[in-house]
1. Run down A105, A126, A121 and say which single residue is under 26 Å from R20 (Cα atoms), among the small types (G, A, S) and not in a helix (DSSP H, G or I).
2. Which residue pairs have Cβ atoms closer than 6 Å, lie 6 or more positions apart in sequence or on different chains, and pair a first residue in the range 90-104 that is more than 20 Å from P137 (Cα to Cα) with a second residue that is among the charged types (D, E, K, R)?
3. Confirm whether D149 is over 30 Å from Y22 (Cβ atoms) and acidic (D, E).
4. Would you be able to tell me the number of residues in the range 10-29 that are of a type outside the set (G, A, S) and either surrounded by fewer than 14 Cβ atoms within 10 Å (Cβ to Cβ) or not in a strand (DSSP E or B) (or both)?
5. Would the range 30-49 turn up any residue that is modelled with pLDDT of 80 or more, assigned to a helix (DSSP H, G or I), surrounded by fewer than 14 Cβ atoms within 10 Å (Cβ to Cβ) and of a type in the set (G, A, S)?
6. What number of residues within the range 59-105 are in contact with a strand residue (DSSP E or B) (Cβ under 9 Å, 6 or more places away or on another chain) and of a type in the set (K, R)?
7. For the range 98-131: of the residues being modelled with pLDDT of 85 or more, farther than 17 Å from S76 by Cβ and open to solvent by 40 Å² or more (accessible area, probe 1.4 Å), which is nearest to the chain's Cα centre (by Cα)?
8. Which condition number in (1) closer than 18 Å to G13 by Cα; (2) surrounded by fewer than 17 Cβ atoms within 10 Å (Cβ to Cβ); (3) modelled with pLDDT of 90 or more is the one that D149 fails?
Amino acid sequence: MTSIPLDGEIRDGRHVLTVRVYYEDTDFTGIVYHASYLRFMERGRTNYLRMIGADHRALFEETAKEAPGFAFVVRSMNIDFLKPARMDDVLEVLTEPHDVKGASAMVRQRVTRGDELLVEAHVRVAFISGGRARPIPKPLRIAMKADQDAAQS
């Protein structure tokens, strides 16, 4: 039996999270409800940041010193629903930073079933600290850009 990491894994600069579709994720027709994809993608973004922190604990500690109470918040999202997923499907949520700069980053997310692209989103996340937009601290920006560079190669 193959073990799937609970928080996903970083592969080639992309975070990959495996999710199974449950009854609660579907509408009355058994097709994944559109808002469920938003939850899947939120988990992907959250676990991506968690994995950077888990692998680079000092990075997050340094960021917390520079910007106490920091967080990333969704500023905008452009999403295309291309094909439906159904109950019991096993999906992968791919998250990769794209265009990391200043106080925000564009994150590209895709939800796939095998080789089929089901949903694609471009999410602008803003870095905040103390309730205000702030520049992404250099160590965190460097880590995200390293993943961006790895994903593009």
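The values are calculated or read from the model by the stated rules, or taken from the named source; none is laboratory data. All values derive from a computational prediction rather than experimental measurement. Positions of Cβ are generated from backbone atoms using ideal geometry, with glycine treated the same way; all protein chains shown enter the neighbour counts. For accessibility, only protein heavy atoms count, side chains too; no ligands or nucleic acids. Shrake-Rupley method; radii C 1.70, N 1.55, O 1.52, S 1.80 Å.
1. None of the others qualify; the one that does is A121.
2. V90/R20; L91/R113; L94/R14; L94/R110; T95/R45
3. yes
4. Looking only at that region, the number is 12.
5. The answer is yes; a qualifying residue exists.
6. 3
7. Residue satisfying both the conditions and the ranking: R110.
8. D149 satisfies all of (1) closer than 18 Å to G13 by Cα; (2) surrounded by fewer than 17 Cβ atoms within 10 Å (Cβ to Cβ); (3) modelled with pLDDT of 90 or more except (3).
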